[in-house]
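Inspection log for the structure reproduced underneath, given as structure tokens.
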Amino acid sequence: MLFRSGVFAPTAPVDLGGIGLNHSEQAVVLEESGRSLLGPSALNCAAPDEGNILLLDKVSTPAQRERYLRPLATGSVRSSFAMTEPAPGAGADPDSLLTTARRVGDGWVITGNKWFITGADGASFSIVMARTGSAATMFLVDGGNPGMRVERLMDTLDGSFAGGHGVVTFTDCFVPGDAVLGEVDKGFTYAQVRLGPARLTHCMRWLGAARRAHEEAVSYASSRTMFGSAQAELGMTQAMIADNEIDIAASRALIREAALVLDAGGPARRETSIAKTFVAEAVGRIVDRRSEEHTSELQSLAYLV
């Protein structure tokens, strides 16, 4: 059905069966997908696969493209992106990377620890960031590699991501020379290729979730009768609805501004960082107001006491 509807794999390249939308076009489709927890997975534009599709499309060799990108673009497999580490390792700053990779014969041996690795459990492969001397390199590590182990899944507030958020260890994890993604020592550069756009696609999906929460709140307030009128006619409720509309409009504007910069070839580090900070907080505010509207009748009664 999704194939026939022309919305499957909106960010994947056209030659591999995707739609190949630019960032501005993605904003429309990914926002709609975010209205359901299942939407991004159903459309094959969920994190971390969506970001890995972008990175592989820009950096992989023809052989890697066939082996890793094609099945990922068609939704046949899942993947993960292993960069984040326990403190004092890499978090928001990839320069703090502690996981290492050293040359051994015709390959590399990766050693280190990662956590909050979304989708790691059951992933067909992982893109792993490891330090190679003073720089970093990205490696493609197959899920069945005996040197890579998902130790446990972390307890997190969300439970909607396939494969959870894993703690992953690399113990003398050998990969062949052709497992290097892109060029050796260019990992930090490639991270920026992925991280900026991925920040923005998170925002797109979040905005869809925020819209759904807002619409449910408005529906409830419109149908709930209090003191002889709809709850939506109360000033307290109207103020929260207005604040939601403002947060949604501002979020969409920031997303589209950043998308335009990316589509023009700019790095958009400033724009995507601002958007991710604002939209993440706006979603929280909107969801909280939805809960407040359900309890506002108690607040209204308190004024009458």
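The values are calculated or read from the model by the stated rules, or taken from the named source; none is laboratory data. This is a predicted model, so every value here is computed, not measured. Virtual Cβ from ideal backbone geometry, glycine too; neighbours counted across all protein chains shown. Calculation scope for accessible area: heavy atoms of the full protein, side chains included, ligands and nucleic acids excluded. Shrake-Rupley method; radii C 1.70, N 1.55, O 1.52, S 1.80 Å.
Mind checking which lysines have their Cα closer than 22 Å to the Cα of K58? Skip sequence neighbours fewer than 8 apart in that chain.
K186
Length gain on complete extension for the stretch D185 to L37, per 0.36 nm per residue less the alpha carbon to alpha carbon distance?
Using 0.36 nm per residue and subtracting the Cα-Cα distance, I get 49.6 nm.
So what's the angle, to the nearest 10 degrees on a 0 to 90 scale, between helix 49-59 and the longest Cα principal axis of the chain?
Taking the Cα atoms of the chain, the angle to 49-59 is about 40 degrees.
Provide the net charge surrounding W115, with neighbours chosen by a C-beta distance below 14 Å and charges set as Lys +1, Arg +1, Asp -1, Glu -1.
With Lys, Arg at +1 and Asp, Glu at -1, the neighbours total -1.
Let a ≥ b ≥ c be the square roots of the eigenvalues of the Cα gyration tensor of the chain; is it rounded (a/c under 1.5), or, if not, prolate (a/b larger than b/c) or oblate?
Since a/c reaches 1.5 and a/b is larger than b/c, the shape of the chain is classed as prolate.
Tell me, in nm to one decimal, what length is gained between D243 and S160 on full extension, where the rule is 0.36 nm per residue of separation less the Cα-Cα distance? Spell out each step's value before the answer.
On the way: separation 83, 0.36 × 83 = 29.88 nm, distance 2.72 nm.
Result for the pair: 27.2 nm of gain on full extension.
Please give the FRET efficiency for L98 paired with A264, using the beta carbon to beta carbon distance and R0 = 35 Å, rounded to the nearest 0.05.
Computed FRET efficiency for L98 and A264: 0.50.
Taking the Cβ-Cβ separation of D178 and E281 as r and a Förster radius of 41 Å, what is the calculated FRET efficiency to the nearest 0.05?
FRET efficiency, D178 to E281: 0.45.
Please report, as a whole percent, how much of the solvent-accessible surface of the chain comes from carbon and sulfur atoms (probe radius 1.4 Å). Mind showing how you got there, number by number?
Numbers: 8000 of 14290 Å².
That share works out to 56 percent.
For S96, what accessible area in Å² do you get when you roll a 1.4 Å probe over the heavy atoms of the protein chains, rounding to the nearest 10?
Answer for S96: close to 40 Å² accessible.
Could you state the accessible area per residue of the chain in Å², with a 1.4 Å probe and every protein chain left in place? Present the calculation step by step, with values, prior to reporting the outcome.
Values: 14290 Å² over 305 residues.
For the chain, the solvent-accessible area averages 47 Å² per residue.
Report, in deg cm²/dmol and to the nearest 500, the calculated mean residue ellipticity at 222 nm for the chain, where each DSSP H run with n ≥ 4 adds -39500 (n - 2.57) and the sum is divided by the residue count.
So the calculated ellipticity at 222 nm is -15000 deg cm²/dmol.
Can you list residues whose amide H is under 5 Å from G34's amide H, if they're 5+ apart or on another chain and H is modeled 1.01 Å from N?
Placed amide hydrogens put G208 under 5 Å from G34.
What ³J(HN,Hα) values, in whole Hz, does the Karplus curve 6.51 cos²θ - 1.76 cosθ + 1.60 give for segment 65-75 when θ = phi - 60°, with x put for Gly and Pro?
Per residue, the Karplus-derived 3J(HN,Hα) values read 4, 6, 6, 10, 6, 4, x, 6, 5, 8, x Hz.
Can you give me the solvent accessible area of D106 with a 1.4 Å probe, rounded to the nearest 10 Å²?
The accessible area of D106 comes to roughly 130 Å².
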